[in-house]
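The values are calculated or read from the model by the stated rules, or taken from the named source; none is laboratory data. Not measured: the values here are computed from a predicted model. Every residue, glycine among them, receives a Cβ derived from its backbone with ideal geometry; neighbour counts consider all protein chains shown.
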Amino acid sequence: MSNLNHYVRQLRPRTESYTPHVDRIQDLLINETVGARGLAYERDVHAALKAAKVPGLFAGEKPGAGYSNQGAGDIEATYNGKPFNIEVKLDKNAQMGGTSIRIDADADTYVLVKPDAVDEDAVPFFMATAKKQKAAIKEYINFIRKQEPIELHKDKGYAIPFGSVAKSAWVAAQKAGLLAKLNDVVNFDNTKTIAKAYNKKGVYYIEIGKSGLFYLGSNPLKLNVPEFIGSVNIEFRLRPSGSKNRKLGDETIRVVGATYSCIGRFKTKIKSPYSLSKIEDIETLFGVK
């Protein structure tokens, strides 16, 4: 939890009337907690690989912190000199990171605010989902521009975040169902597409907590494990990041900011007979026992 106060300070404008949005803080807590548990499982797997008495099997460097691993997998092991790069997920519903995204629907640009908070293999799925939001963004902004005070909501382009919005306009958009249209969940259940995202950086194996080891797309080491079958869910939600009073001419109005948050979740129901978190499974898998 050490970085939470730093993140909250980044979110807090310099105004006494600002109230942090509870959901946003909860997201930060969840991200840090899940990330810590995921790293702990990666280290358990690494320790088991290192302890297993398998000739030619080397566990590689101890896993480090962070979602956006720049190497080939969470664990870069080798077996008889061949790469044995392994993606490691905490469980069958593992979070793949969460952040917010800036979208300019006119320019067709999509930028993750904190890309290091997202598993880099999930980024293509985040982008593909974001590109589906163009019509909903334009509908929401066109509606807001017609709400009082017009001066506050006048033309700023079709971009998210839109900037300050009168709280009354936000509530009106919510009642009109426009926020629900932006709150989307897109499921990518094409196993080949998911495998390709990992294969691009040389990862052909995935270890899932309580489910075991699977191969992704192809099985270069010819291990006796099943093929991965599953999906990736990307969830988008436009949510208020806080509210404050703002002077507009002689009037003081309540305004809200907004972030377009996005979370990736890993989904699978499959089971493997072998887990890399168990020394005896590793030794059996590689024919030692």
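Looking across region 105-142 at every residue that is aromatic (Phe, Trp, Tyr) and under 21 Å from Asn199 (Cβ atoms), the one that is surrounded by the most Cβ atoms within 10 Å (Cβ to Cβ) is identified as Phe126.
Is it fair to say Arg239 is in contact (Cβ under 8 Å) with a residue 40 or more places away in the chain, assigned to a strand (DSSP E or B), surrounded by 15 or more Cβ atoms within 10 Å (Cβ to Cβ) and not small (Gly, Ala, Ser)?
Yes: the conditions hold for Arg239.
Looking only at region 243-289, how many residues end up being farther than 21 Å from Ala173 by Cβ and either basic (Lys, Arg) or surrounded by fewer than 15 Cβ atoms within 10 Å (Cβ to Cβ) (or both)? Adding up the residues that qualify gives 15.
Could you say whether any residue in region 109-121 is part of a helix (DSSP H, G or I), touching a Phe, Trp or Tyr at 6+ places or on another chain (Cβ under 7 Å) and of a type outside the set (Gly, Ala, Ser)? Steps first, please.
Our first condition is that a residue be part of a helix (DSSP H, G or I); within region 109-121, this holds for 115-117, 120-121.
Next, from what is left, pick out any that are touching a Phe, Trp or Tyr at 6+ places or on another chain (Cβ under 7 Å): 116-117, 121.
Filter once more, so that each one left must be of a type outside the set (Gly, Ala, Ser): 116, 121.
Within region 109-121, one or more residues are part of a helix (DSSP H, G or I), touching a Phe, Trp or Tyr at 6+ places or on another chain (Cβ under 7 Å) and of a type outside the set (Gly, Ala, Ser).
Does Ala136 satisfy the criteria of being in a helix (DSSP H, G or I) and touching a His at 6+ places or on another chain (Cβ under 8 Å)? The answer is no for Ala136. Quick check on region 98-115. Is at least one of its residues among the small types (Gly, Ala, Ser) and within 10 Å of the chain's Cα centre (by Cα)? Taking every residue of region 98-115 in turn, at least one turns out to be among the small types (Gly, Ala, Ser) and within 10 Å of the chain's Cα centre (by Cα).
Applying a threshold of 7 Å to beta carbon distances and a minimum spacing of six or more residues, or different chains, the list of pairs starting in region 72-95 at a residue that is outside any strand (DSSP E or B) and among the aliphatic types (A, V, I, L, M) and ending at one that is at pLDDT below 95 and surrounded by fewer than 18 Cβ atoms within 10 Å (Cβ to Cβ) reads Ala72/Lys201; Ala72/Gly202; Leu90/Arg37.
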